[in-house]
1. Given the residues Arg136, Arg118, Arg102, which is the only one that is part of a helix (DSSP H, G or I), crowded, with 18+ Cβ neighbours inside 10 Å and of a type outside the set (Val, Ile, Thr)?
2. Out of all the residues in the stretch 80-90, is one or more within 22 Å of His110 (Cα to Cα) and without any contact (Cβ under 8 Å) to a residue 40 or more places away in the chain?
3. Identify, please: which residue in the stretch 139-161 is in a loop (DSSP other than H, G, I, E, B) and surrounded by 10 or more Cβ atoms within 10 Å (Cβ to Cβ) and is, among those, modelled with the lowest pLDDT?
4. I'd like to verify a number: residues in the stretch 56-89 that are among the charged types (D, E, K, R), crowded, with 16+ Cβ neighbours inside 10 Å and away from ligand 1 (no atom under 16 Å from the Cβ), how many?
5. Do any residues in the stretch 131-155 that are free of Cβ contacts under 8 Å to residues at least 40 places away in the same chain have Cβ atoms under 8 Å from those of residues that are among the small types (Gly, Ala, Ser), where the two are at least six apart or on different chains, and which pairs are they?
6. Only one residue in Ile75, Ile97 is in contact with a Lys or Arg (Cβ under 8 Å, 6 or more places away or on another chain), modelled with pLDDT of 95 or more and either of a type in the set (Val, Ile, Thr) or more than 30 Å from Gly161 (Cβ to Cβ) (or both), so which one is that?
7. Looking only at residues that are farther than 14 Å from Ser85 by Cα and of a type in the set (Phe, Trp, Tyr) in the stretch 17-60, which one is farthest from ligand 2 (Cβ to nearest atom)?
8. If a residue has to be in a helix (DSSP H, G or I) and farther than 26 Å from Asp112 by Cβ to count, how many in the stretch 59-95 make the cut?
Amino acid sequence: MEKQVLDLDLHKGDRSFADEVCASPGGDTLSLCFQCGICTGTCPVSSVDQEFSPARIVQWVRMGLKETVLQSRLIWLCMQCHRCSFHCPQGVRFADIDRVLRQMAVEAGHLDPATAQRIEQSERHLRRLRILVLERCMAQDPSDSCEFEDMVQHSLGEMNG
Ligand code: SF4
Ligand code: SF4
């Protein structure tokens, strides 16, 4: 995927953005972040997409980079697994903050509601697919070298069947 170059001009910062997020249900822990980066180090999405960093998104919000954040594909990548919150020394609940940002992005017209709903549905399908693929892995004879793609195909067939 093409690398997204972000406009980080602080002069364009919207100082009220962080207050707006903090005041929204679920966004109240934003101000507790002290940028240790532990969340990013424990995030399963960050481990496969180096552009995704919950710590950086929190920082951008606090810098007031409203348009940059709300237009970014990155806020849609969080799996909502809450692993980062478990490890965060400050009790920041990034997944909840991210949901606030998604809602704001839809309200601001950066993504249409139907697409946002499709993303949510896709998340549910992917979680189901993950379980089916893992169950297939566990049931497989260790000497059988079934390719990952084949397991996904079979699992998709099971889901649709
Ligand atoms: S772990 Fe918590 S305090 Fe550290 S950067 Fe992430 S959100 Fe901020
Ligand atoms: S909730 Fe989102 S940001 Fe936090 S660890 Fe899970 S995928 Fe990463």
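1. Arg102
2. First, pick out the residues of the stretch 80-90 that are within 22 Å of His110 (Cα to Cα): 80.
Checking which are without any contact (Cβ under 8 Å) to a residue 40 or more places away in the chain leaves us with none.
Among the residues of the stretch 80-90, not one is within 22 Å of His110 (Cα to Cα) and without any contact (Cβ under 8 Å) to a residue 40 or more places away in the chain, which makes the answer no.
3. Among those that are in a loop (DSSP other than H, G, I, E, B) and surrounded by 10 or more Cβ atoms within 10 Å (Cβ to Cβ), it is Cys146.
4. Summing the residues that are among the charged types (D, E, K, R), crowded, with 16+ Cβ neighbours inside 10 Å and away from ligand 1 (no atom under 16 Å from the Cβ) in the stretch 56-89 gives 1.
5. Between residues of the stretch 131-155 that are free of Cβ contacts under 8 Å to residues at least 40 places away in the same chain and residues that are among the small types (Gly, Ala, Ser), the close pairs are Leu132/Ser155; Val133/Ser155; Arg136/Ser155.
6. On the way: Ile97 fails: in contact with a Lys or Arg (Cβ under 8 Å, 6 or more places away or on another chain).
After applying the criteria, what remains is Ile75.
7. Out of the qualifying residues, it is Phe17.
8. Residues in the stretch 59-95 being in a helix (DSSP H, G or I) and farther than 26 Å from Asp112 by Cβ: 7 in total.
The values are calculated or read from the model by the stated rules, or taken from the named source; none is laboratory data. All of these numbers come straight from a predicted model, not from anything done at the bench. Because the Cβ atoms are built from the backbone with ideal geometry, glycine has one as well, and the counts that use them run over all protein chains shown.
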